[in-house]
Amino acid sequence: MVSAITVEKFRELTPSEFFYRNREIAGFSNPTKALYQAIRELIENALDATDSHGILPIVKVYVKRTPKPGIFKVSVEDNGIGIPPHYVPHAFGQLLYSSKYILRQTRGMFGLGAKMAVLYGQMTSGKPVEVVTSPINSSRIYMFKIMIDVKRNRPVVLKRASYSKSNDWHGTMVTIYLEGDWARARSKIYEYIRRTAIIAPYADIVFEDPDDNIVYFRRSTDKMPFPPKEVKPHPYGVDIEMVKLMVNSSSDTALKEFLINEFQGVGRVTAERVIMEAGLEPTVNPRKLKIEEIERLVKVMRASKIIRPPRGDHLSYLGEEIIKTGLTTILKPEFVEAVSRKPAVYEGHAFIVEAGIAYGGSISPAERPMLLRYANKIPLLYDEGSDVSREVIDKKIDWSHYGVTFPSPLVILVHICSTKIPYRGVGKESIADVPEVEREIELAIRDVARKLRSYLYRRRREIEEVERAVAIAKYIPEVSRSLAKIVDNEVPERFERELLKMLNSRLGMFKLSSVYDVVISID
């Protein structure tokens, strides 16, 4: 007897179905992480809508309990450019639909996070996302209530309205209802917002938590990073499939013009030499290239030594002044320094590493340096142990060489900006140990560490001078009386004033306190 053969069933999954089934990939694995992740994603969208367009950010974050146990209302409002109303349904109701699918530095990479928060909220509370927006220069405010059709990955608009605007507000406010665990997520959320205030001291950030506590991080500088620019792909970072996609979307009918117009770092002479080395004709239509010819072209481009390396002028790095302002405002150290490295390259993508160092003041001593990690201005709080920056700090740098002994009140900030951040995993919480990136991080940290060493050395000299002055000051009254006896008709007070003046002059070289204070303390 022959048993019946089971026929396998095949079907397609939409992006929304996939992430519905695998929400932990986007960081929504449990109520604790989901609440933190939703707030994080909405804040990052708010900052991208402001500072990426040259607007000083005002970000307001509200987290409130609802009558339904375990369900929270999360609202984030910004003063950004707003969203044109015809884009709103897809921007919040369709996964993998975004304005970020161009080669430009942004906080997010996939435009996925906010929509995952919407989807998670829909799954756990049954409520739609509420969006209120007013595009810049618009005279109206638009309101939407949207849910996601998981099966079709399409937005379902439950309500749409518009109103005349009575003020000059522009921006977006997003409200999501979702299951969360505030008690467990509280510390991470507060730390995320604090670290955001460090990296964006040019932003006003207001946070109201479910216990009605309000925290306000006031803007401490008006200086902002230059907004990021869109950039063309670099030949070192392309593969066969990318070139095929570029060919299909290009209007160029000659291969030479295609290379010049679609890639950075390629001029006419370079294009001709690349084409010649690939054994192709400059006038051939790129759409008519065979797969073997595209393969040869890609191989030549990736190996070519005549193509200029990727530029970094399209990257929106922070700069030393902003880093020092953020560290000083929030941490209140006695010493702070920062450095921004020149652009470097990995896999055809330019990147910039920045580092800051803060020491002493209100920083609590610890057994190893506290590390503040950022990627494209995003604070990274999880998986620190697997991050390349932690490995560099703990294993590659001998801090005693820089005058630091632990426990020590030391904080290190590392920021990487690029159009392609080498994250270790899909969670995007730690940076992989790419050799080029690791080298730049080590060089940046050593640079600021040398400045700290100079400061600590100078401070030790100052302390030695004070101790020497104290020792000398003890004998000034006795020496003054002896000098008065040697010189007839002189009073000891005159010699005492002159000797103290000499000591003060010496201490003034080190910008120290007056020795009079030292003498008073001795008495």
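Taken together, the values in this text are just the output of simple stated rules run on the coordinates, not laboratory data. Note that the structure is a prediction, hence the values are computed from the model and not measured. Heads up, the Cβs are rebuilt from the backbone with ideal geometry, glycines too, and the neighbour counts pull from every protein chain shown.
Of all the Cα-Cα pairs you can form in the range 336-464, what percent are over 16 Å apart? Don't skip to the end; give the middle numbers.
Working: 5078 of 8256 pairs.
Within the range 336-464, distances greater than 16 Å cover 62 percent of Cα pairs.
How many percent of the alpha carbon pairs in the range 235-303 exceed a separation of 18 Å? Write out the running numbers ahead of the final one.
Numbers: 510 of 2346 pairs.
Summing the P(r) tail past 18 Å for the range 235-303 gives 22 percent.
Sorting Ser389, Ser400 on the 10 Å Cβ count, fewest up front, what's the list? Mind dumping the intermediate values first?
On the way: Ser389 29, Ser400 9.
By the 10 Å Cβ count, ascending: Ser400, Ser389.
Specify whether the C-alpha gyration tensor of the range 118-187 places it in the rounded, prolate or oblate class, a ≥ b ≥ c being the square roots of the eigenvalues: rounded for a/c under 1.5, otherwise prolate if a/b is larger than b/c and oblate if not.
Values: a/c = 3.15, a/b = 1.47, b/c = 2.14.
The shape class here is oblate.
Which pairs in the list Lys33/Lys342; Lys395/Lys428; Lys229/Lys256; Lys127/Lys420; Lys223/Lys305 are over 32 Å apart, alpha-carbon to alpha-carbon?
Lys33/Lys342; Lys127/Lys420; Lys223/Lys305
Just to check I understand the Karplus step: with θ = phi - 60° and J = 6.51 cos²θ - 1.76 cosθ + 1.60, what whole-Hz values come out for the range 378-391, glycine and proline as x?
8, x, 10, 9, 9, 6, 4, x, 9, 7, 4, 5, 5, 5
Roughly how far apart, in whole Å, are the Cα centres of the range 139-178 and the range 367-387?
35
For Arg154, list long-range residues whose amide hydrogen, built 1.01 Å from N in the peptide plane, is under 5 Å from its own amide hydrogen.
Asp149
Spelling out what I want: for every residue of the range 294-309, take phi, set θ = phi - 60°, compute 6.51 cos²θ - 1.76 cosθ + 1.60 (Karplus), and round to whole Hz; glycine and proline get x.
In residue order, the calculated couplings are 5, 4, 5, 4, 4, 4, 5, 4, 5, 9, 5, 9, 8, 7, 4, x Hz.
Please work out, to two decimal places, the log10 of the ratio I(q)/I(0) at q = 0.14 Å⁻¹ from a Debye calculation in which every Cα of the range 15-217 carries one identical scatterer.
Result of the Debye calculation: -0.79.
If I model a spin label at Asp149 and Arg459 as a point 7 Å from the Cα along the Cα→Cβ vector, what separation in nanometres do I get?
So the label points at Asp149 and Arg459 sit 6.3 nm apart.
Extending each Cα 7 Å along its Cβ direction at Arg268 and Val434, get the distance between those two points in nm, one decimal.
The modelled label-to-label distance comes out at 3.4 nm.
Roughly speaking, what is the centre-to-centre gap between the range 58-75 and the range 19-43 when only Cα atoms are used, to the nearest Å?
Going from one Cα centre to the other spans 15 Å.
So how much slack lies between Leu245 and Leu443, counting 0.36 nm per residue of separation and subtracting their Cα-Cα distance, in nm?
Working: separation 198, 0.36 × 198 = 71.28 nm, distance 3.74 nm.
Additional length available on full extension: 67.5 nm.
What does the extension gain come out to for Leu96 and His401, with contour length at 0.36 nm per residue minus their alpha carbon separation? Please list the in-between numbers first.
Details: separation 305, 0.36 × 305 = 109.80 nm, distance 4.88 nm.
Here the answer is 104.9 nm.
Out of residues 5 or more away from Tyr87 or on other chains, whose amide H comes under 5 Å of its own, with H placed 1.01 Å from N in the peptide plane?
none
Highest first, please rank the peptides 444-450, 340-346 by the mean number of other Cβ atoms sitting within 10 Å of their residues. Before the final figure, lay out the partial values.
On the way: 444-450: 20.7, 340-346: 17.3.
Per-residue mean Cβ counts within 10 Å order the peptides as 444-450, 340-346.
For a label point 7 angstrom out from the Cα of Ala303 toward its Cβ, which stretches of the range 259-285 have the backbone nitrogen within less than 12 Å?
Hits in the range 259-285 for Ala303 at 12 Å: 277-279.
Mind giving me the FRET efficiency for Ile136 and Lys501? R0 is 56 Å, r the Cβ-Cβ distance, nearest 0.05 is fine.
Values: r = 63 Å, r/R0 = 1.13.
That gives a FRET efficiency of 0.35.
Could the peptides 66-72, 350-356, 129-135 be put in order, highest first, of the mean number of other beta-carbon atoms found within 10 Å of their residues? Intermediate results must be reported in sequence, preceding the final value.
Numbers: 66-72: 13.7, 350-356: 25.9, 129-135: 22.4.
Packing proxy ranking, top to bottom: 350-356, 129-135, 66-72.
In whole Hz and in residue order, list the ³J(HN,Hα) couplings for the range 430-444 that follow from phi through the Karplus curve 6.51 cos²θ - 1.76 cosθ + 1.60, θ = phi - 60°; x for Gly and Pro.
Values, residue by residue: 8, 9, 6, 8, 6, x, 5, 5, 4, 5, 5, 4, 4, 5, 5 Hz.
Using r as the Cβ-Cβ distance of Ser364 and Glu334, and R0 as 22 Å, what FRET efficiency do you calculate, to the nearest 0.05? Mind dumping the intermediate values first?
Numbers: r = 13 Å, r/R0 = 0.60.
Working from the Cβ atoms, E equals 0.95.
Could I have the simple spin-label model distance between Asn261 and Lys64, label points 7 Å from Cα toward Cβ, reported in nm to one decimal?
If labels sit at Asn261 and Lys64, their model points lie 5.3 nm apart.
If I stretch the segment between Glu208 and Arg184 completely, what's the gain in nm (0.36 nm per residue apart, minus their alpha carbon distance), one decimal?
On the way: separation 24, 0.36 × 24 = 8.64 nm, distance 1.67 nm.
So the chain would gain 7.0 nm between Glu208 and Arg184.
Hey, what's the Kirkwood Rh for the range 144-302 if you take every pair of different alpha carbons, in angstrom?
Values: mean 1/r = 0.0462 Å⁻¹.
Answer for the range 144-302: a Kirkwood hydrodynamic radius of 21.6 Å.
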